[in-house]
Amino acid sequence: MTIGDGVITPAISVFSAVSGVQVKINQLHDNYVVIVSCIILVGLFSIQHHGTHRVAFLFAPVVAAWLLCISGIGIYNIFRWNRQVYRALSPVYMFRFLKTTGIEGWLSLSGVVLSITGVETMYADMGHFSALSIKIAFTCLVYPCLILAYMGEAAFLSKHHYDIQRSFYKAIPEAVFWPVFIVATFAAVVGSQAVISATFSIISQCCALNCFPRVKIVHTSSKIYGQIYVPEINWILMCLCLAVTIGLRDTNMMGHAYGLAITTVMFVTTCLMTLVIIIVWKQGIIKALTCLLLFGSIELLYISASVCKIPEGGWIPILLSFIFMAIMFTWNYGTMKKHQFDVENKVSMTKMLSLGPCLGMVRVPGIGLIFSNLASGIPAIFGHFITNLPAFHQVLVFVCAKSVQVPYVSENERLVISRVGPKEYHMFRCIVRYGYKDMQQENYNFENKLVSEIIQFIEIEDGVQDEQTDELTIDDGNINIEESYKVESSLILKAKELGVTYIVGHSYAEAKKSSSILKKFGIDVVFAFLSKNCREPDIMLEVAHTSLLEVGMVYHV
């Protein structure tokens, strides 16, 4: 639903801002409003690759100008049309309204909820801004300005009962209409930028948690970590925004879709917050249930009113969320089955030891890096490779990238090195650890970092052995542990100079013949398409094609 919000918010924000011009130009056809809105949306998504920090210098002035404008207009309308409107701050009038209108008042909550939407997007942007800055900005500036704006619009409507359509623009004084219209358009772009950035953050964390196909993630700022750009998602969002704008052409229908998406996000967030209170904060079930009942009951009230608007545009976020959820479920299911296949078909160490130090094949100069999802054992791809081509590199390193359940992993703890088999085999394992907010950086010098860590591991390993034995006897002489360390280290450095080859497995999933039609479609069509078009580990580490070797295998789900 949050990703769907990233589609609906730019559409409704830009379209509603541009449609305000019809207040002054009555004969302006809706088609022109749609065309101008689409042009602005295309421009908005086209500048995303520059990064938030490149365009953010406009954010503060535009938002400040917008908030000051709406609060100033609100104060003007309060004093001109109804100075007693401040009484509407009392919740008594809310209960009177619902008591008088009954079912119609309850249904109107699907529109009332739009007055609080957008708040959750600020907190979705916590990857870009600190929590304290968001709290201060909302409490001291955003909330007071919004209250004044809504009070002013209510004062205007109290004297103009029939001007409900586009009442915001109709309440603007003639002298400042066009400046406010321009500021409103810019503010819509800024608001859309916020939710687009939030969508990028959510997609990147879903990728880190293996819940979304791997996509290209570009870090657009060298100073602020959370500012990222996801090209594939950016253009998909743009196409969907244009489709919603051209297809609906109605702010009311967009509002129904927007309201349902936001209220659902709020309720799910409250449910997840209940788990956080119990599991993370250890505050007990009573406090968690109190939070759930307090906030969840209000949100369910809004959701119940928004559900009635499903035929009038509310179906859009449901459809979008279903599509994204189906993609995420299919990807997660297929990758989990692949991991299960890798675990069940590992090459046993007993078999490797029986082959001897040369592994029963020719050991050629250089380093071979074998990518695998396994954090232990020898992957099936290696056995498949040496079965078809009995030659391999002098130094072997099994590389496994894992996302751990912490936000960040320091560079000192990024690589975990261990030895596979006896020392004379020259086989190692490297686990590359990333937090769920960490991303593989562009231009990451992986080879040098890996070789350095392996040499450091050998030094530590030999240091431990040195504590257990004073010398190592070889034929007619003695060689100490330090010399042994230097011999193996120089061998690895020489192998590095001779070249590094990356071996990546291409596992193709196929549904079993006995599977249902739905499962066959999900695995043979959807998962196969996602696997073919997602980013591979060699692309993340910027491996040259001349150093890449792919090995194909098929596993049945």
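The values are calculated or read from the model by the stated rules, or taken from the named source; none is laboratory data. None of the values given here were measured: they were computed from a predicted structure. Don't worry about glycine lacking a Cβ; one is built from the backbone with ideal geometry, like all the others, and counts go over all protein chains shown. SASA here: full protein model, heavy atoms, side chains in, ligands and nucleic acids out. Shrake-Rupley method; radii C 1.70, N 1.55, O 1.52, S 1.80 Å.
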Per-region count, segment 93-115, residues open to solvent by 70 Å² or more (accessible area, probe 1.4 Å) and free of Cβ contacts under 8 Å to residues at least 60 places away in the same chain: 9
Boolean, Ala509 is surrounded by 15 or more Cβ atoms within 10 Å (Cβ to Cβ), over 25 Å from the mean Cα position of the chain (by Cα) and at pLDDT below 85: yes
Residue ID - modelled with the lowest pLDDT, chosen from residues in segment 41-63 that are of a type in the set (A, V, I, L, M) and open to solvent by 40 Å² or more (accessible area, probe 1.4 Å): Leu58
Suppose the filter is of a type in the set (D, E, K, R), assigned to a helix (DSSP H, G or I) and more than 29 Å from Cys207 (Cβ to Cβ); does Lys287 pass it? yes
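Among the listed residues Met336, Met325, Met361, which satisfies the condition of being open to solvent by less than 50 Å² (accessible area, probe 1.4 Å) and not aromatic (Phe, Trp, Tyr)?
Met361
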Take the conditions within 25 Å of Tyr425 (Cα to Cα) and either loosely packed, with under 13 Cβ neighbours inside 10 Å or modelled with pLDDT under 75 (or both) and apply them to Glu488. Does it pass? no
Kindly provide the set of residues from segment 145-169 that are under 39 Å from the mean Cα position of the chain (by Cα), surrounded by 14 or more Cβ atoms within 10 Å (Cβ to Cβ) and of a type outside the set (Phe, Trp, Tyr), ordered by number. Cys145, Leu146, Ile147, Leu148, Ala149, Met151, Gly152, Glu153, Ala154, Arg166, Ser167
All but one of (1) free of Cβ contacts under 8 Å to residues at least 24 places away in the same chain; (2) part of a helix (DSSP H, G or I); (3) of a type outside the set (Gly, Ala, Ser) hold for Gln27; which doesn't? (2)
If we scan segment 275-286, do we find a residue that is more than 21 Å from Thr199 (Cα to Cα) and open to solvent by less than 40 Å² (accessible area, probe 1.4 Å)? yes
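Among the residues of segment 301-321, how many are within 17 Å of the chain's Cα centre (by Cα) and either of a type in the set (A, V, I, L, M) or open to solvent by 40 Å² or more (accessible area, probe 1.4 Å) (or both)?
Total satisfying the criteria: 1.
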Pairing a residue in segment 142-167 that is assigned to a loop (DSSP other than H, G, I, E, B) with any residue that is open to solvent by less than 50 Å² (accessible area, probe 1.4 Å) and of a type in the set (Val, Ile, Thr), where Cβ atoms lie under 6 Å and the two sit 6 or more apart in sequence or on different chains, gives Arg166/Val23
Just the residues that are loosely packed, with under 13 Cβ neighbours inside 10 Å and at pLDDT below 80, please, taken from segment 342-354. Ser348, Met349, Thr350, Lys351, Ser354
It is to be established whether one or more residues within segment 74-85 are of a type in the set (S, T, N, Q) and under 30 Å from Arg249 (Cβ atoms). yes
Residues being farther than 9 Å from Ala188 by Cβ and part of a helix (DSSP H, G or I) - total across segment 13-24: 5
Taking Ser158, is it within 22 Å of Ala88 (Cβ to Cβ), at pLDDT 85 or above and not aliphatic (A, V, I, L, M)? yes
Scan segment 415-431 and tell me whether some residue there is in contact with a Lys or Arg (Cβ under 9 Å, 6 or more places away or on another chain), open to solvent by 60 Å² or more (accessible area, probe 1.4 Å) and part of a loop (DSSP other than H, G, I, E, B). no
